[in-house]
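Below: the structure, in structure tokens.
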Amino acid sequence: MFELDIQLLLDTYMIPWGVNIVLALVIFVVGRVVSKIVTRLVRKLLVRANMDAILVNFVCSILKTALLLFVIIASLNQLGVDTTSLIALLGAAGLAVGLALQGSLQNFASGVMLIVFRPFKAGDFVEAGGVSGTVEKISIFSTLMKTGDNREVIVPNGKIYGDTITNFSARDTRRIDMVFGIGYDDDIRKARDILRKLVDDDDRILKDPETLIAVSELAESSINFVVRPWVNSSDYWKVKFDMNENVKLAFDENNISIPYPQMDVHVNKE
């Protein structure tokens, strides 16, 4: 008759397995606590470094997941589970996901670079990724922009960071480059004085740097003046539009012509 040796069962199976289970639970519980502490410490360091909140949350989420995965593998290893195949499976799965999400990973990497190096911020008017507009939101994978006609455009970060970025709001002041042509029969001194007066009478135009007014070209049908005033960035378009209108009105009042292309048509009657 078969007799169950309780002592042998305890010494061979129950006690070793019990110890392993307890140790695995200890590793899991302590590991979770340590992972939380490490994550909080990293979050504080990133916040002190003035990192963007989006990037801080993303990095902490990745770190927390990675630490928790490490704790689970360590716990399973303590139970005697062969984790080599599990690690290989996770590596293969990570590689497959990486290949499948290649474009998304590029956008993510570009989003991290945009957030870290800050070539622009929310509220800036930029030209990037083939779109001109005001930046409303910068996320990990894309940037939300609002165009001048109030359209929302979502641009992938990979397209933005891989191309030229022009930030029109980066500087407090901007220079307006304008060209005005007069006829060859007109008085260039008088035209220059008119342009100078229009510039001096506009309080939005800065005195320093001084506005450049000069003859830039003796063209085929006109004498071209360049007018380059400096203004605050917020006044750029208003001053530009007003100057175009005021120059036309002032030239008309002083009989100064603005040449435009003309065509003479000759009709021969037989």
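What follows is calculated from the coordinates using simple rules that are stated; it is not laboratory data. Bear in mind the structure is a predicted one, so any value in this text is a computation, not a measurement. When we count neighbours, we look across all protein chains shown, and the Cβ atoms used for this are built from the backbone with ideal geometry, even at glycine.
When residues in the range 235-253 are screened for being in contact with an Asp or Glu (Cβ under 9 Å, 6 or more places away or on another chain) and either free of Cβ contacts under 8 Å to residues at least 40 places away in the same chain or among the aromatic types (Phe, Trp, Tyr) (or both), 1 of them pass.
Looking only at the range 134-148, filter to residues that are outside any strand (DSSP E or B) and in contact (Cβ under 8 Å) with a residue 24 or more places away in the chain; which one of those is surrounded by the most Cβ atoms within 10 Å (Cβ to Cβ)? Among those that are outside any strand (DSSP E or B) and in contact (Cβ under 8 Å) with a residue 24 or more places away in the chain, it is Ile140. Is it fair to say Asp200 is in contact (Cβ under 8 Å) with a residue 40 or more places away in the chain and among the acidic types (Asp, Glu)? No, not satisfied.
Checked against the criterion of being closer than 30 Å to Phe125 by Cα, in contact with a Phe, Trp or Tyr (Cβ under 7 Å, 6 or more places away or on another chain) and of a type outside the set (Lys, Arg), the candidates Val247, Val199, Val226, Val231 yield just one match: Val247. Contact annotation: residue pairs with Cβ atoms under 8 Å, 6 or more positions apart or on different chains, pairing a residue in the range 15-41 that is part of a helix (DSSP H, G or I) with a partner that is among the hydroxyl-bearing types (Ser, Thr, Tyr), are Ala24/Ser75; Leu25/Ser75; Ile27/Ser75; Phe28/Ser75; Gly31/Ser75.
Every condition in (1) in contact with a Pro (Cβ under 9 Å, 6 or more places away or on another chain); (2) in contact (Cβ under 8 Å) with a residue 40 or more places away in the chain holds for Ala219 except the one numbered (2). In the set Val227, Val199, Val239, Val231, only one residue is aliphatic (A, V, I, L, M), assigned to a helix (DSSP H, G or I), surrounded by 16 or more Cβ atoms within 10 Å (Cβ to Cβ) and touching a helix residue (DSSP H, G or I) at 6+ places or on another chain (Cβ under 9 Å); that residue is Val199.
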